[in-house]
Structure formats: C-alpha cells, structure tokens
Amino acid sequence: MLPQKQAEEAAIVTSGVAALNNEMEQGAGGNGKAEGEEAAHGFSMTSLLWHGGSAWDAWFSCASNQVAQVLLTLPYSFSQLGMLSGLILQLFYGILGSWTAYLISVLYIEYRARKEKENVSFKNHVIQWFEVLDGLLGPYWKAAGLAFNCTFLLFGSVIQLIACASNIYYINDRLDKRTWTYIFGACCATSVFIPSFHNYRIWSFLGLGMTTYTAWYLTIAAFVHGQVEGVTHSGPTKLVLYFTGATNILYTFGGHAVTVEIMHAMWKPQKFKYIYLMATVYVFTLTLPSAAAMYWSFGDQLLTHSNAFSLLPHSGWRDAAVILMLIHQFITFGFACTPLYFVWEKVIGMHDTKSVCLRALVRLPVVIPIWFLAIIFPFFGPINSAVGALLVSFTVYIIPSLAHMLTYRTPSARKNAAEKPPFFLPSWTAMYAVNAFVVAWVLVVGFGLGGWASVTNFVKQVDTFGLFAKCYQCPKPQQPPPFSAPGPQMQHH
C-alpha cells in the first residue's frame, strides 16, 4: 500500500506543479493576462515604468533593497571589526544570506504547488512569508513568522526614516534631526499610494543607480582626501564593538524579508532562485570598496561617526550623494512598509479592494507607529545592529533554514518536492548539514553574542543621548568665550 500511496501523492503534486507552472507562465497575482497582452502588442509607457514582473525587475528590487542606508554605516562597522574581519564577514554573510533567500524561494514554490492542486486562486491576493509557513508547517510557525517578520519590517522602516533625518542634516543643519524626522515621516507616508511590488519597476532601477553613485563617491572621495593626520586602525579592540559590527553586516545581507512579495510580483517566480545571489554579487562591488576606503582614510575616527557622510568635506559631490540617498531611502521605506500594508489590509478585510485611494487611506495607520519609534530611538548605526541581532537573525536566517528542514523531513516530502536540491549541492543530507550550520552559527554568533553586544551598545547610546534625542551625534555648537575684563596690556620694547 505504501508504494501505491506515494505514487498517488507524486501524481497529485506533479499535477499541482504543472498547474503552478501554467499559472506562472500566464503571470502571478492575477496580472498575467494584462502583462501577456502588453508583451504581445508592444510596451506602453505605463508598462515600461509601472508594471514590473520580469527577472530583471526582481534583480533590481533585491539589489536596490539590500544596500540602502546601511552603505553609510558599514565604514563604522569596519572601525569596530578591523579591515580583515570586515571584508571576510561581508563575503560570509553575503553567501549565507543568498542561501537562505534561495530556501525561501524553494518554500514559496512548494507552497504554491500544494495550493494549486487544491484549486486555490491567488487573484488579487499577495502571498506572504507567514502564509507560506502556515501552509507548510501550521499555525505556530505562522505566528512566529508573522511576529518576527512584521517587527523586523517595522524597525526596518524606522531605520530608513532615521537615516533620512541623519543625511539631510549634512546639507541643512538649520533644523535639528528630530524636526527633519517629522518632515520625512510625512513625505514617506506617500508610499501608501504604491499598490504592490509590481509597481516599483522605475523606483528599483533609480534606487540602484543612486546607491551605486553614493558607493563610488565614498570610495573616490576617501582616496582623494587621503589618510587623516595621525590615522590609527586599532580595531578590533573590544568584544562588544566587534560583535556589534558583525551584526550590522548580518543585517546588511538580511534584506530578504520581502523575498516572497518580490517573487509573487514576478510573472515567472520559478526564475527567482539565483536572483538574490546575483544581486549580492553586485552589492559586493558597492559595499567592499566604499567601506574599506573610508576605513583606510579615517580609521578610528569612524568609531564616533556612524554616518560616513559626517567625515567627508562639504562639496557638491557630497550634496548630490546625500540627496540621492534621501530619495533612495524613501524607496526603501516603501519596500519595507509594503508587506506591512498587506498584512494590515488582510487583518481589516480590505486586501481585495481595487481602489488605490481607499487602500491608501486604510494603510495610513501603519505609518504612525513607525514615525513615533523613529523619534524615540534616533540612534543611526547602533539600531541597525540591535535589529540585526534580535530580529534579522530569526526572520531571514534561522526560521527559513528550520522551515526547510522540517518541510522535507519525510521521505515522501523529499520524493515529491516541487524543487529538488540545487545542482551545486545535489544531496538532501548536504542541504540538511548546511541548514543546521546556518541555524547554529546565527543562533550563537548572531543572536547570542551579537544580541549581547548590540543591546549593550544600544543601551549606552540611550544613557548618553537619552530617548527622544533632539540631534543624535550632532556636533556641539561652539560656545562663545566667557566675558572677562581686559587685563593690563604689556608693553613690548
């Protein structure tokens, strides 16, 4: 009976995969027919700028989303880690992040295949990570995925808002950073009008161009500036600083909390598997040279300057980089917030609404707590490490690895898997070993040691600057010398 049962399961899953592939060919999320017609009749300006679903769109979205404001804090991390550890950990966490993004994409395909055999339609419905976990592993995993993912995306949005205020201050310091946070909170709230990741085509393209300019500006400006007088490169000096820097890099390459939403926006999601890795390779060309050049130039000064812009001399090139990063942070704010908008829409029963204005209106309550938290914790730099250790470690490293292990724990699940092991690791045993290593490493080094270090550093910032800090790490205004009566003037003969 057992072979017959397995054969039946295989037939059912095979039919599900066939149906899934058929729908993916037509287009995911209910937009396939329109996109197919556009492809057949040529491109309109709307489709060119607004309706994105190709593999290139996904690549731009992944690369653009991965290197936002963290580009400006990586030199700070290098000063905590030292040059060698900084370079090695970037490469290590980049590969680790690409692996877990691959696992998420495999689990998404598996979930879609199983739902397709049940004739479930996803028209006007965006699949999210917590729904994948629910469908594959049950309600407890759904709750864990929802809690970690939403909290991470919430603070990811907070970080973008803090970064906006931190950056604009270097162009216009007539207003303090807290006031700039109020202003940019209102500006970023306009992201409620962007319906889904389908509609980020032009923004992803522009965003990656902006971060590319900024990264190479940092690299070239650092070399042109040269090493500051008496520069020292003493890192690493303290364990707490070392693991704080390491968890900021873990955070850097943990930007795939929106992987499922980006996949669902693709016309052919099965093409996503290696897109995140290719995006990471490009990101290396931005993060490695810029962080290394800044640390070479300024050394230990970066320990007290978490924003790389703060050490570079004022110039038109720097102002251009600041403005481009501001625009990009608005885009990344939308990337982090859009999944939260989807969750909120589903909670209040408005996810199927087609009216853009009505959806924008019901999304506004999501922005308010983000605005408030950015004003409470304006610690640009240290907050990245705390979020990395406490949230990213579970959201995009530990949970996907464990979920993959448990989804394919039985022989029948492995036999009927919609996606077999990759060509470079064709053994299920080897996949289990890699997943177990990821879980153990991130749990001990990322969450354990990283959590201790980043929370210790975060508490130090609270003690030093206080909550609701008006202007975090702003240079103190020069006080006029105290008035004193003129003394007797000496005669020189």
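Some values worked out for this structure:
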read-out	value
Residue check, Ala320 surrounded by fewer than 20 Cβ atoms within 10 Å (Cβ to Cβ) and either modelled with pLDDT of 90 or more or of a type in the set (Val, Ile, Thr) (or both)	yes
Tabulated pairs, segment 425-452, first at pLDDT below 95, second among the small types (Gly, Ala, Ser) and surrounded by fewer than 16 Cβ atoms within 10 Å (Cβ to Cβ), C-beta under 9 angstrom, 6+ apart or interchain	Ser427/Ala433
Test for Ser290: is it within 18 Å of Gly207 (Cα to Cα), open to solvent by less than 20 Å² (accessible area, probe 1.4 Å) and more than 15 Å from the chain's Cα centre (by Cα)	yes
Sole exception among (1) without any contact (Cβ under 8 Å) to a residue 40 or more places away in the chain; (2) outside any helix (DSSP H, G or I) for Thr232, by number	(1)
Count of residues meeting criterion [over 20 Å from the mean Cα position of the chain (by Cα) and open to solvent by 20 Å² or more (accessible area, probe 1.4 Å)] in segment 356-369	9
Failed item in (1) aliphatic (A, V, I, L, M); (2) at pLDDT below 90; (3) open to solvent by 50 Å² or more (accessible area, probe 1.4 Å); (4) under 18 Å from Phe330 (Cα atoms), with Leu175 passing the rest	(4)
Sole residue being at pLDDT 90 or above, open to solvent by 30 Å² or more (accessible area, probe 1.4 Å) and not hydrophobic (A, V, I, L, M, F, W, C), chosen from Tyr341, Tyr282, Tyr276	Tyr282
Meets criteria (part of a helix (DSSP H, G or I), closer than 17 Å to Thr73 by Cα, within 13 Å of the chain's Cα centre (by Cα) and of a type in the set (Val, Ile, Thr)) for Thr247	no
Some residue of segment 304-324 being in a loop (DSSP other than H, G, I, E, B) and in contact with a Lys or Arg (Cβ under 7 Å, 6 or more places away or on another chain)	yes
Of the criteria (1) β-branched (Val, Ile, Thr); (2) open to solvent by 10 Å² or more (accessible area, probe 1.4 Å); (3) part of a helix (DSSP H, G or I), which one Thr353 fails	(3)
Checking Tyr432 against (1) under 22 Å from Leu250 (Cβ atoms); (2) aromatic (Phe, Trp, Tyr); (3) in contact with a helix residue (DSSP H, G or I) (Cβ under 7 Å, 6 or more places away or on another chain), the condition it does not meet	(1)
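The values are calculated or read from the model by the stated rules, or taken from the named source; none is laboratory data. These numbers were taken from a predicted model, which means no experiment stands behind them. Because the Cβ atoms are built from the backbone with ideal geometry, glycine has one as well, and the counts that use them run over all protein chains shown. Side chains are part of the model used for accessible areas, which takes the heavy atoms of the whole protein and leaves out ligands, DNA and RNA. Shrake-Rupley method; radii C 1.70, N 1.55, O 1.52, S 1.80 Å.
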